1. Report Rg(Cα)/(2.2 N^0.38 Å) for the range 7-93, keeping two decimals.
2. When the Karplus curve 6.51 cos²θ - 1.76 cosθ + 1.60 is applied with θ = phi - 60°, which whole-Hz ³J(HN,Hα) does each residue of the range 5-22 get, with x for Gly and Pro?
3. At most 13 other Cβ atoms within 10 Å and a DSSP loop assignment: could you name the trypsin sites (Lys or Arg not before Pro) in the range 19-72 that fit?
4. Report the local net charge at ALA44: Lys and Arg +1, Asp and Glu -1, summed over other residues whose C-beta lies under 11 Å from its C-beta.
5. Restricting to DSSP loop positions (anything but H, G, I, E, B) with no more than 15 other Cβ atoms inside 10 Å of their own Cβ, which GluC sites (Glu not before Pro) remain in the range 1-52?
6. Expressed in whole Å with the largest first, what are the equivalent ellipsoid semi-axes of the range 29-75 derived from the C-alpha gyration tensor as the square root of 5 times each eigenvalue?
Amino acid sequence: MRGEKKLGEILVDLRVLTESEVEEVVTALRRRRDNVKFGEMARALGLVREEHILAALAVQLRLFPGIQDLSMKLLLDTLQQPTELVTKEVLVQSPV
């Protein structure tokens, strides 16, 4: 990893989860002791929806320039657009 944020940290930044909810997921993962991923567990606990996980993964992978600066609403709206529009719009909206 190149110093990427963890999925839980990104979901907190996007105001989808609180830090205590992240701890709840981590505790549940420790109890399970299998290969369940953070997003899967958070979803199983009813804390996030699938689109939240996908959006957070897009941020983690830096899918397009400026993605880390978007709110969850804008991020979800942007991710539903065709790729060529996403790059143009995000570059226009990104702070310079």
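Here, each number is a calculation from the coordinates, and none is a lab measurement. Nothing here was measured: the structure is a model prediction, and the numbers come from that model. Counting neighbours? That spans all protein chains shown, and the Cβs are built from the backbone with ideal geometry, glycine included.
1. Against the empirical 2.2 N^0.38 Å value, I get 1.17 for the range 7-93.
2. Once rounded to whole Hz, the list reads 6, 6, 4, x, 4, 5, 5, 5, 4, 7, 6, 8, 10, 9, 5, 5, 5, 4.
3. ARG33, LYS37, ARG49, ARG62
4. Counting the neighbours of ALA44, the net charge comes to +2.
5. Answer in residue order: GLU4.
6. Values for the range 29-75, descending: 25, 12, 7 Å.
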